[in-house]
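The structure appears below as structure tokens.
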Amino acid sequence: MTEDVHPLLAEGVKGKQPGDPVFTWKNGRPVKDFRGAWSTLCKSANITVLLHDFRRTAARNLIRAGVSRVLARKISGHETDSIFSRYNITEESDLADAARKLEISRKSAAESAG
């Protein structure tokens, strides 16, 4: 959990017991399906953002931050590598970054050997 997310979630659990759901309606019943509320919110804001876009972004950001694929998959809750791969979208900038890291590693190894 990031420093930004923690206070937001802390607000959502105020007055709740450890086993209680984080997301509840005003009457205390757990929110079981966000899709309708999310759709209404997006229409009101005149934007198109799928809930899965957040999961995709999280997977990509975890990998870019250097978190292992196994751990990133556990955090995201993907059951298989093939499904995780669909969420971990690679961009051209990722390929350039990989090449840069390889070059830095190669130079470091050459300096250590020499």
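General remarks:
- For the criterion of being at pLDDT 85 or above, assigned to a helix (DSSP H, G or I) and not hydroxyl-bearing (Ser, Thr, Tyr), residue 83 fails.
- Every test in (1) surrounded by 11 or more Cβ atoms within 10 Å (Cβ to Cβ); (2) at pLDDT 90 or above; (3) hydrophobic (A, V, I, L, M, F, W, C) is passed by residue 70 save one, and that test is (1).
- Lone qualifier among 57, 40 - being at pLDDT 85 or above, within 28 Å of residue 21 (Cα to Cα) and either in contact with a Cys (Cβ under 6 Å, 6 or more places away or on another chain) or exposed (fewer than 12 other Cβ atoms within 10 Å of the Cβ) (or both): 40
- Test: residue in the stretch 100-111 that is modelled with pLDDT of 85 or more, on the phi > 0 side of the Ramachandran plot and of a type outside the set (S, T, N, Q): no
- If you go through the stretch 32-69 and keep only what is of a type in the set (A, V, I, L, M, F, W, C) and in a loop (DSSP other than H, G, I, E, B), you end up with 34, 47, 49, 50, 65, 67.
- Some residue of the stretch 15-30 being farther than 24 Å from residue 73 by Cβ, in a loop (DSSP other than H, G, I, E, B) and of a type in the set (A, V, I, L, M): no
The values are calculated or read from the model by the stated rules, or taken from the named source; none is laboratory data. Values in this document were obtained by computation on a predicted structure and should not be read as measured data. Cβ coordinates were reconstructed from backbone atoms using ideal geometry, including for glycine residues, and neighbour counts include every protein chain displayed.
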